[in-house]
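Notes to accompany the following structure.
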Amino acid sequence: MTWTTVSRRRFLTHVGVMGAAAATTGLFSERAWGRDRVVNLYSGRHYGTDQKIYDSFTAKTGIKVNLVEGSSDALVERIIAEGANSPADVLITVDAGRLWRAEQAGLFAPTQSAALQQGVPEYLRHPDGLWFGLTKRARVIMYHKDRVNPAELSTYEDLANPKWRGKVLTRSSTNVYSQSLVGSMIPVHGEAKVEEWCRGLVANFARPPQGGDTDQIRAVAAGAGDLAIANTYYLARLLKSQNPQDREIGRQIGVFFPNQQDRGTHVNISGGGVLKHAPNREAATLFLEHLISPESQEIFAKSNNEYPVLAGVSTDFVVLSWGDFKEDTINAAVFGANNPLALQITDRAGWK
């Protein structure tokens, strides 16, 4: 595919201000449009709908996306093993804690992009441009509509209140989602108070932590507990399932956004960055910019029930039904870096 001047203008018009800003930085260079015709993507996201975004990038630019999927930890180990000869251009993973682990391994290179700086809010990207949030995940309190009055709910901190004894369900502390939630609380309360909160939470567990977020939701519906800490998109999947039993489970569960009177609800991310040894660096930067375009953000939001990082993009109709909420704007790099300490705290508190 040969890109004419007209074709490039049409692409820039579609991308809008972001694309125009990137052009002024030289990212839309001759190399990116000529020799740099491939992006090798290592992705820890396992959602088939993301392929629509990759296909639209190829359709617009002629740059092919070679996708390698795997667990985030396995992909990081693979990139480390491949070293300077790694073909990987971009790593995408879920949770700021996993991005921090890749960052600590020295895998990312700083990316200079006006489009990414303008499109991704500051608290959802690395301060030095090593990685950028692509989607948001709100970690909320879910409750059984018949057994809990939402007026009794308030904050994450209140989940340690003895009134919830034997009622709370959540994942293991070894799960990165749990670590990031606890990691986001450390700058607010300090290590000692967070450990005290964890002990209170453990005392209120309905059962030992087990399974994923969907398992917690199902357990609430089955009566094993009344409250669950979970990401919203798991409930949206049940409500939109082709299985009528899943939909019935989903209809029993309410969504409560904690801490609306103070710092806001914890928001985690999936995110990505250009790798240090990327052989196709400029095409990789274009690819990241494409992932935060309005078109791509809408696909992320409506196909996997996540929240867009780009302002002004509509969300899925089920997610929209839960309403707007105040987000905790602590930088994801901060709570990601706090994951190891969070695991130590939860371990001491008996959260297994």
Exercise. Would you point out which residue out of 143, 54 is among the hydroxyl-bearing types (Ser, Thr, Tyr), more than 19 Å from residue 282 (Cα to Cα) and open to solvent by less than 50 Å² (accessible area, probe 1.4 Å)?
Key: 143
Quiz item: How many of the residues making up region 247-281 are surrounded by 17 or more Cβ atoms within 10 Å (Cβ to Cβ) and in a helix (DSSP H, G or I)?
Solution: 3
Exercise. From the list 104, 112, pick out the single residue that is more than 21 Å from the chain's Cα centre (by Cα) and not small (Gly, Ala, Ser).
Key: 112
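Go through region 189-211 and give me each residue that's among the hydrophobic types (A, V, I, L, M, F, W, C) and surrounded by 15 or more Cβ atoms within 10 Å (Cβ to Cβ).
Matches in region 189-211: 194, 197, 198, 201, 202, 203, 205, 206.
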Quiz prompt | Residue count for region 72-87, restricted to those that are open to solvent by less than 30 Å² (accessible area, probe 1.4 Å) and closer than 10 Å to residue 44 by Cα | solution = 3
Quiz item: Any residue at all in region 322-344 that is over 23 Å from residue 176 (Cα atoms), over 18 Å from the mean Cα position of the chain (by Cα) and part of a helix (DSSP H, G or I)?
Solution: no
Practice problem: Consider residue 109 carefully, then state whether it is at negative phi, touching a Leu at 6+ places or on another chain (Cβ under 8 Å), open to solvent by less than 20 Å² (accessible area, probe 1.4 Å) and of a type in the set (Gly, Ala, Ser). | Solution: yes
Exercise. Scan region 236-246 residue by residue and report those that are open to solvent by 30 Å² or more (accessible area, probe 1.4 Å) and part of a loop (DSSP other than H, G, I, E, B).
Key: 240, 242, 243
Self-check item: Selection within region 300-321 - part of a helix (DSSP H, G or I) and without any contact (Cβ under 8 Å) to a residue 60 or more places away in the chain
Solution: 302, 317, 320, 321
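Yes/no matrix, rows are residues, columns are (1) out of contact with any Leu (no Cβ under 8 Å at 6 or more places or on another chain); (2) open to solvent by less than 30 Å² (accessible area, probe 1.4 Å); (3) more than 24 Å from residue 144 (Cβ to Cβ):
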{"position": "287", "(1), (2), (3)": "no, yes, yes"}
{"position": "294", "(1), (2), (3)": "no, no, yes"}
{"position": "297", "(1), (2), (3)": "no, yes, yes"}
{"position": "308", "(1), (2), (3)": "yes, yes, yes"}
{"position": "322", "(1), (2), (3)": "yes, no, no"}
Quiz item: If you check 225, 183, which single one turns out to be in a loop (DSSP other than H, G, I, E, B), open to solvent by less than 30 Å² (accessible area, probe 1.4 Å) and in contact (Cβ under 8 Å) with a residue 40 or more places away in the chain?
Solution: 225
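The values are calculated or read from the model by the stated rules, or taken from the named source; none is laboratory data. Remember, predicted model here, so these are calculated numbers, not experimental data. No Cβ is skipped: glycine too gets one built from the backbone with ideal geometry, and neighbour counts run over all protein chains shown. Note: accessible area is taken over every heavy atom of the protein model, side chains too, but ligands, DNA and RNA are not part of it. Shrake-Rupley method; radii C 1.70, N 1.55, O 1.52, S 1.80 Å.
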